[in-house]
Each structure stands twice: as structure tokens, then as C-alpha cells.
């Protein structure tokens, strides 16, 4: 049975770690640009277009996105096609584990989250992506209500931890690291591999 995983580019490394192509040749990964997260209203149309392009070429399709700020628009697209997606509102939830993330909601209300991908690409996606390199005053507008950066680490990587710590310092926020691993992404990928 052939499977397409249509994924956010921010998850490519993690999905390939969980489903190495040499072990799962019938599972194909296609990623959309991670920069869509800076414009979440573009995620559902991009997924719709990619699903239309893939129609009839795979036995099943799984969409490796959470809601990701689409306000339910992604679920509307998926209802049209019957495809499933990852659980939760965003990657911070499914990496932490949706239930655990919901329980920590009040304590984390004023936290800005980074994943391995965001720690690795902070300069491009956050700093430049939000225009902070051109307009330094935007930092307070965007991050003035945050108290800390919480780095949700998928891997044990000292360089990424330091990159996340540097991002927190650049934003003028406290830093906290939590090792969460792959969270709910791992069982979702295991179900695809087993089917």
C-alpha cells in the first residue's frame, strides 16, 4: 500500500528519523514550505492544491500538520478528501503530547515556543520572517507580553540548545529547555508504518 505524507517542511527531519525511506519504501514524504507558518491563512489552500496534485497516485494520504493557526480551515480541506492530520492545535502540542500541553496551558500562557526546527532556523523564520532585522521596535510589539522562551527539544543536541538560548537572549526573554522527543508524532508515524 502506497502512502503519501504531506507534511510541513518543519517536520521533515523528524518524520525521516521515524520513517527512514530505506525501511519504508512505500511511504513517500512531500513537504510544503515551513514559511507558510508566518501566513497560516495560506496553509489550507496549499494543502488543498497539493492533495489535488497527488489525487489518485497513492492508496492513502496523511497530512502532517496540526491546525497550525488555520482556525479550522485545514480540517475543512481534509473533510473534503478524507485525509487525516496530526492531533492538536500546533506542533508544540503534539511534540509535548496534546494532553500534557493542554494541562500546562495556564503555566505556559506567556511562553514563546521553539522546536528543534525553529531553533535551527530562528534567524530566517522568526527574526527575518517577522521583519525584526529591519524594525527592531517590532520585538516589543511581538514579544512584549511573553516572559520566556520554552525550547521543546526533540533531540539531545547541545548546539541547538545553545541556539535556542541565544534566541531567547535576543528576544530579551528567560530561557527554559524541555526535552519532549517526538511526542504524539511518533505514534502517528508508527500507525502509518503498521497499516
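A few comments on the model shown:
- If you sort the three axes of the alpha carbon gyration tensor as a ≥ b ≥ c, you get a/c of 1.5 or more for segment 98-179 and a/b no higher than b/c, which makes it oblate.
- Normalised by 2.2 N^0.38 Å, where N is the number of residues, the alpha-carbon radius of gyration of the chain equals 1.05.
- The chain: angle of helix 185-194 to the longest principal axis, Cα-based, in degrees nearest 10: 10 degrees
- Using all pairs of distinct alpha-carbon atoms, the Kirkwood hydrodynamic radius of segment 1-101 works out to 13.8 angstrom.
- C-alpha center-to-center spacing [segment 118-138, segment 139-174] in angstrom: 12 Å
- Across the chain, C-alpha contacts under 8 Å between residues 6 or more apart give a mean separation that, scaled by the residue count, equals a relative contact order of 20 percent.
- Nearest-0.05 FRET efficiency for residue 140 and residue 59, computed from C-beta distance (R0 45 Å): 0.35
- Taking Cα atoms only, the orientation of helix 43-54 departs from the longest principal axis of the chain by about 30 degrees.
- Averaging the sequence gap over all C-alpha pairs within less than 8 Å and six or more residues apart, then dividing by the number of residues, gives segment 22-81 a relative contact order of 39 percent.
- In degrees, nearest ten, helix 158-171 long axis to first principal axis of the chain (Cα): 50 degrees
- Note on segment 42-148: Rg/Rh from C-alpha atoms, Kirkwood Rh, equals 1.04.
- Each of residue 52 and residue 124 was given a label point 7 Å from its Cα along the Cα-to-Cβ line. The distance between the two points is 2.8 nm.
- The chain: calculated mean residue ellipticity at 222 nm from DSSP helix runs of at least 4, using -39500 (n - 2.57): -10500 deg cm²/dmol
Each reported figure results from applying straightforward, stated rules to the coordinates on display, with no laboratory input. Not measured: the values here are computed from a predicted model. In this analysis, Cβ positions are derived from the backbone assuming ideal geometry, glycine residues included, and neighbour counts consider all displayed protein chains.
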